[in-house]
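A.B. asks: Let me give you the structure first, and then I'll get to my questions.
The values are calculated or read from the model by the stated rules, or taken from the named source; none is laboratory data. In this text, all values refer to a predicted model and were calculated from it rather than measured experimentally. In this analysis, Cβ positions are derived from the backbone assuming ideal geometry, glycine residues included, and neighbour counts consider all displayed protein chains. Protein only, heavy atoms only, side chains kept; ligands, DNA and RNA dropped before computing areas. Shrake-Rupley method; radii C 1.70, N 1.55, O 1.52, S 1.80 Å.
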Amino acid sequence: MQHFPIFLALTGRRVVVSGGGAAALAKLRLLLKTEARITVFATAPDRQVADWANQGRLTLVRRAAEPGDALCAALFYAANEDAAEDARTAALARADGALVNIVDNLEDSQFITPAIVDRDPVTVAIGTEGAAPVLARAIKADLEERLPATLGPLARIGKGFRKMAEVLPFGRARRDFWQDYYFNAGPRAMAQGEDGVEAALDRLLDRHVNRSVRPGHVSFVGAGPGDPDLLTLKARKALDVADVVIHDRLVPQPILELARREAVLIDVGKEGFGPSAKQADIDALIVEHGLKGAQVVRLKGGDCTVFGRLDEEIEAVVAAGLSYDIVPGITAASAAVAGIGQSLTKRGRNASVRLLTGHDMQGFADHDWRSLARPGEVAAIYMGKRAAHFLQGRLMMHGAAPETPVTVVENASRPDQRVLGTTLDRLSTDLAEADFDGPALMLFGLAPRDGLPVTRFDQEAFPWPAASLPKSSQQTPSSLAMSST
Ligand code: SAH
């Protein structure tokens, strides 16, 4: 982040603008929304600027800016639409101690003005560090549409009521009250006209004061495979109201940042299936916060119902007398298979798919290898990296074809997703060479769809990513099924 967003108190402060044309007008329209004391230096100001000066909304000085003109100014805008004059006046203003912005010159500016969505006192500032003004405008347009015009008055009335609301205990109770105001009672009252809003606030406060404090609750939430866009709406809502978020190592930062700002984030990340004592600690932690009355989100990578030790945690929560709900998420298998352009099931190929773990608490997990080794079978293997050699041995021993495609997807759905297309006989060698260190899902019986770029991990192909598939893994599962029937 090269620019740090802040909201500057401008009431009574000097802001100086050099220039009186279109560029200056655009900035002045924004600045006039504030209570700053604005001075404009312009030899030939636009009529609008002169009108504002006549209305007493700003001071107009009909000459070019000179040394000392920006003394005591908080901000200075060089808006001369002339590079040389911008450079000259900016240097003067800097010498006077003002923070300087040169319109349309990011490099020489000390601050930039964001795109603004104005629902005063609610203000949304959007910045892209000059990288994508088009994007900033699109976001602004989107927000303009989404934020009701009544948001400003609601917030203003709410602000005047803040002291009254302090009869409610700080924390959850007060938050619930404001939540209710902004999203239910407030907009409903506002629809009948602004006059009724204060009375509605009074009634609402009464209701909340008389209401018993909400008990703790635990939501078990699947965070999906990593791409924040793959969170469910319900998961986002749970994060919006969470007091405490207890999360795994698999949940990436961009998702954690969606949690309420005041939420306490607790990382209980562990590698694979850790020792049971650790699980007991996690259970205890969830229960402890729930019993304190917190809205707890237990956030797990992928779908919380898949290899997530969910049942143990639910049992602990139920034993403590707490309520809970489960918000499923997109599991790694779905993300990985999407990443290689395939389906988990396919008519004529596999009518079932297995979710397997390479590892369980005892070590490498045992499965029904004989049935899995049959042609056309598909399995999504979680936590399979370390067990690759074992898996490969067991499957081949039970008659799986050496050329059975296996695809390993690392960091599925994330920007650093990598795909290894290989075959059963080469699986452990290729995987060792690929040296994945992120979470990786193995798709047994599936090759990436032809034509999709896949990273090759053999010696010649380094450094990756190279675009082509190893020959041996281009065989599609359907042709495999056909050749063996
Ligand atoms: N509940 C999770 C699985 C937890 S077990 C889910 O539904 O996805 C942890 C294993 O999941 C990892 O070892 C890895 O095999 C797999 N995994 C999780 N996220 C992944 C991702 N983004 N890409 C690839 N594999 C992932």
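A.B. asks: Output the residues belonging to segment 330-364 that are open to solvent by less than 20 Å² (accessible area, probe 1.4 Å), farther than 15 Å from residue 384 by Cβ and within 16 Å of the ligand (Cβ to nearest atom).
C.D. replies: The answer is 335, 340.
A.B. asks: On to the next question. Against the conditions (1) under 22 Å from residue 330 (Cα atoms); (2) free of Cβ contacts under 8 Å to residues at least 12 places away in the same chain; (3) of a type outside the set (A, V, I, L, M), where does residue 278 fall short? Just the number, please.
C.D. replies: It is condition (1) that residue 278 fails.
A.B. asks: Residues in segment 382-404 that are closer than 19 Å to residue 433 by Cα and within 12 Å of the ligand (Cβ to nearest atom): how many?
C.D. replies: 6
A.B. asks: Here is a further query. Could you tell me whether residue 375 is more than 15 Å from the ligand (Cβ to nearest atom), outside any helix (DSSP H, G or I) and out of contact with any Asp or Glu (no Cβ under 8 Å at 6 or more places or on another chain)?
C.D. replies: Working: more than 15 Å from the ligand (Cβ to nearest atom): yes; outside any helix (DSSP H, G or I): yes; out of contact with any Asp or Glu (no Cβ under 8 Å at 6 or more places or on another chain): yes.
Yes; evaluated as a whole, the condition is true for this residue.
A.B. asks: For segment 316-329: of the residues being surrounded by fewer than 18 Cβ atoms within 10 Å (Cβ to Cβ) and assigned to a loop (DSSP other than H, G, I, E, B), which is farthest from the ligand (Cβ to nearest atom)?
C.D. replies: Among them, the one singled out is 321.
A.B. asks: If you don't mind, there's one more thing I want to ask. How about segment 110-159: which of its residues are closer than 19 Å to residue 185 by Cα, among the small types (Gly, Ala, Ser) and modelled with pLDDT of 90 or more?
C.D. replies: Result: 155, 158.
A.B. asks: Answer yes or no: is there a residue in segment 277-286 that is at pLDDT below 90, open to solvent by 40 Å² or more (accessible area, probe 1.4 Å), within 16 Å of the ligand (Cβ to nearest atom) and under 23 Å from residue 358 (Cα atoms). Reasoning before the result, please.
C.D. replies: Filtering segment 277-286 for residues at pLDDT below 90 gives 277-278.
Now restrict to residues that are open to solvent by 40 Å² or more (accessible area, probe 1.4 Å): 277-278.
Still in the running and within 16 Å of the ligand (Cβ to nearest atom): 278.
Filter once more, keeping what is under 23 Å from residue 358 (Cα atoms): 278.
Yes; the residues of segment 277-286 include at least one that is at pLDDT below 90, open to solvent by 40 Å² or more (accessible area, probe 1.4 Å), within 16 Å of the ligand (Cβ to nearest atom) and under 23 Å from residue 358 (Cα atoms).
A.B. asks: Listed residues 43, 39, 11, 34; which is touching a Gly at 6+ places or on another chain (Cβ under 8 Å) and within 23 Å of residue 96 (Cβ to Cβ)?
C.D. replies: Values: 39 fails: touching a Gly at 6+ places or on another chain (Cβ under 8 Å); 11 fails: touching a Gly at 6+ places or on another chain (Cβ under 8 Å); 34 fails: touching a Gly at 6+ places or on another chain (Cβ under 8 Å).
Result: 43 is the single residue among 43, 39, 11, 34 that is touching a Gly at 6+ places or on another chain (Cβ under 8 Å) and within 23 Å of residue 96 (Cβ to Cβ).
A.B. asks: Further, regarding this structure: Tell me which residues, restricted to segment 296-315, are within 9 Å of the ligand (Cβ to nearest atom) and open to solvent by 60 Å² or more (accessible area, probe 1.4 Å).
C.D. replies: Across segment 296-315, the qualifying residues are 305, 307.
A.B. asks: Now, a different point. Looking at residue 324, is it among the aromatic types (Phe, Trp, Tyr) and within 25 Å of residue 233 (Cα to Cα)? If you could, list the steps in order and put the result at the bottom.
C.D. replies: Working: among the aromatic types (Phe, Trp, Tyr): yes; within 25 Å of residue 233 (Cα to Cα): yes.
Answer is yes for this residue.
A.B. asks: Could you tell me which of the residues 376, 339, 348 is under 31 Å from the mean Cα position of the chain (by Cα) and either among the small types (Gly, Ala, Ser) or not assigned by the TED database to the domain that holds residue 305 (or both)? Before you say what the answer is, go through the steps one by one.
C.D. replies: Details: 376 fails: under 31 Å from the mean Cα position of the chain (by Cα); 348 fails: under 31 Å from the mean Cα position of the chain (by Cα).
Answer to the check: 339.
A.B. asks: While we're on this one: Evaluate segment 386-395: report whether one residue or more is assigned to a loop (DSSP other than H, G, I, E, B) and within 35 Å of the chain's Cα centre (by Cα).
C.D. replies: Looking only at segment 386-395, we keep the residues that are assigned to a loop (DSSP other than H, G, I, E, B), and these are 386-387.
This time we only want the ones that are within 35 Å of the chain's Cα centre (by Cα), so: 386-387.
Yes, the conditions are met somewhere in segment 386-395.
A.B. asks: For residues that are over 24 Å from residue 7 (Cα atoms), assigned to a loop (DSSP other than H, G, I, E, B) and open to solvent by 80 Å² or more (accessible area, probe 1.4 Å), tally how many sit in segment 28-48.
C.D. replies: Filtering segment 28-48 down to residues over 24 Å from residue 7 (Cα atoms) leaves 41-48.
From the residues that got through so far, the ones that are assigned to a loop (DSSP other than H, G, I, E, B) too are 42-46.
Now drop any that are not open to solvent by 80 Å² or more (accessible area, probe 1.4 Å), which leaves 43-44.
Matching residues across segment 28-48 total 2.
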